[in-house]
Ligand code: EPU
């Protein structure tokens with residue numbers, strides 16, 4: 001099995017190109033089910049999760065071409081098989097995003113329940129309740145959610161009791177083809193949702209309130225072909241910003257946008273990291289020592305849970321103490337024991353962790369159970385004395401394209417072995 005070997009201590013310097021956002025691409029691909037297309041997605045990343053979504057759509061009966069050289073995905077055709085099988089859904093939870101589009105367009109979907117996950121229980125009750133409010137009838141049988149709406153979905157006012165990115169996306173897609181008006185209240189406002197809404201509008205959907213927590217969708221009879229550029233990956237950008245900061249280097253994140261990274265940028269500045277917006281992207285520079293800072297994860301525009309592990313790695317070598325509180329997922333501190341093995345001083349209780357900065361981390365063999373936890377160990381390895389081996393690299397391949405190539409191009413000593 002592949003591993004990543006890092007020899008730490010090299011300040012990074014140079015440019016890192018930021019790819020299209022994984023968490024925008026997955027729902028955009030599911031949106032391809034809403035029309036015969038073609039739907040052309042530009043700036044598509046080459047990641048394991050994208051390949052999984054492609055396999056899912058292909059088994060539904062769609063044609064999905066991924067031109068990796070051109071970074072383009074072209075989706076066309078219609079679903080014939082309305083079942084999303086366990087084998088694919090258990091590999092990637094975002095597979096449940098096919099449910100809204102399938103029920104809306106074909107009046108039926110049979111989607112495996114995703115089951116547990118390393119970072120939390122992650123139920124999908126909000127997706128189900130919302131579709132029920134739009135007229136779908138659900139049967140839970142054999143580990144599958146079987147939804148039926150033979151006469152099509154109808155508009156409804158859906159008030160989310162809790163902000164959910166996936167449920168907002170599923171219901172937004174479903175609403176585009178429902179009869180009448182759907183109002184999504186307390187909707188998630190993540191940039192990936194704005195991107196999905198923009199793409200749906202290009203396909204002919206009628207949506208108001210993009211970027212706010214109240215989306216109003218006027219259903220249309222059908223959607224058509226469109227070409228849409230995927231937004232840059234704010235989490236990839238934030239991760240490499242932490243890489244520059246933890247090594248005391250200077251890096252230009254090509255294509256990264258300040259608007260997507262507000263809370264992360266504010267926090268990095270509080271820690272003593274310079275962030276400047278340039279025409280080609282964001283420049284991250286750290287010249288002096290790092291200071292500790294407190295963060296709490298929140299739905300956008302708050303500090304992203306997908307940046308919590310990376311920020312914790314950074315705080316391991318900052319001066320003073322930092323309190324990190326995770327409010328989105330109940331089990332997202334799986335990186336703590338691994339960082340501790342590298343010499344970090346972290347204590348956690350419940351949803352909060354106290355990190356007391358140390359002058360140096362030391363390299364060690366480590367492994368993690370999810371994507372962001374894994375990359376936080378890569379960051380720690382870049383700053384650590386000696387050699388770090390990160391095991392279970394397949395987690396990284398789900399969300400970071402050419403990680404070791406991008407980092408070695410800016411001076412890191414990192415290789416896949
Ligand atoms: N929740 C429910 N019921 C639901 C849906 C969600 O209780 O029906 C809870 C979840 O258990 C969680 C909270 O609501 O506690 C927020 O979950 P959300 O639905 O927003 O998360 P998601 O859509 O499953 C997406 C990203 C995650 C990211 C979260 C939060 C994709 C494909 N995934 O997940 O990304 O952490 O939003 O921002 O967009 C990652 O990329 O590493 C990753 C885990």
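The stretch between residue 63 and residue 113, if pulled fully straight at 0.36 nm per residue, gains 15.5 nm over its current Cα-Cα span. Taking R0 as 25 Å, what FRET efficiency do you get between residue 208 and residue 159 from their Cβ-Cβ distance, rounded to the nearest 0.05? Once rounded, the FRET efficiency stands at 0.90.
Of all beta bridges that DSSP places with both ends in the chain, some 70 percent have antiparallel geometry. Among 160, 300, 311, the order by Cβ neighbours within 10 angstrom, fewest to most, reads 160, 300, 311.
Where in segment 163-207 does the label zone of residue 148 land, with the point 7 angstrom along Cα→C-beta and an amide N cut-off under 17 Å? None, by backbone N distance to the label point. Once C-alpha pairs closer than 8 Å and six or more residues apart are averaged by separation and normalised to the residue number of the chain, the relative contact order reads 21 percent.
Judged by the gyration tensor of its Cα atoms, with axes a ≥ b ≥ c, segment 67-128 is oblate; a/c meets the 1.5 cut and b/c is at least as large as a/b. Only helices enter the 222 nm calculation for the chain: every DSSP H run of n ≥ 4 contributes -39,500 (n - 2.57), and dividing by all residues gives -9000 deg cm²/dmol, rounded to 500. When the chain is treated as a GNM with alpha-carbon contacts under 10 Å, the residue of 379, 33, 371 showing the greatest mean-square fluctuation is 371. Taking 7 Å steps out from each Cα toward its Cβ at residue 87 and residue 349 produces label points 4.8 nm apart.
If R0 equals 56 Å, the separation of the Cβ atoms of residue 323 and residue 36 corresponds to a calculated FRET efficiency of about 0.60. When 231, 210, 284, 119 are arranged by Cβ crowding within 10 Å, least crowded first, meaning fewest neighbours, the order is 210, 119, 231, 284. Sorted into 10 angstrom bins from 0, the C-alpha pair distances of the chain split as 5, 23, 32, 24, 13, 4, 0 percent. Sequence-distant contacts, meaning Cα pairs under 8 Å at least 6 residues apart, place the relative contact order of segment 179-240 at 38 percent. Taking a ≥ b ≥ c as the square roots of the eigenvalues of the Cα gyration tensor, segment 281-417 is classed as rounded, since a/c falls below 1.5. Rounded to the nearest Å, what's the spacing between the alpha carbon centres of segment 163-242 and segment 339-417? Just the number, please. Centre-to-centre (Cα) distance: 33 Å.
Taking a ≥ b ≥ c as the square roots of the eigenvalues of the alpha carbon gyration tensor, segment 24-135 is oblate, as a/c is not under 1.5 and a/b does not beat b/c.
Segment 74-129 and segment 1-64 have Cα centres separated by 18 Å. Springs between Cα atoms under 10 Å define the GNM used for the chain, and in it the highest mean-square fluctuation of 169, 132, 326 occurs at 132. For residue 270, project a label point 7 Å along Cα to C-beta. Then give me every residue of segment 314-337 with its amide nitrogen under 12 Å of that point. Label zone hits: 322-325.
In a fully extended conformation the segment linking residue 296 and residue 280 would gain 2.8 nm over its present Cα-Cα distance, using 0.36 nm per residue. Of all the options 44, 31, 226, the one that moves most in a Gaussian network model of the chain with Cα springs shorter than 10 angstrom is 226.
Read-outs: derived from the displayed coordinates by stated rules, not from any lab. Values in this document were obtained by computation on a predicted structure and should not be read as measured data. In this analysis, Cβ positions are derived from the backbone assuming ideal geometry, glycine residues included, and neighbour counts consider all displayed protein chains.
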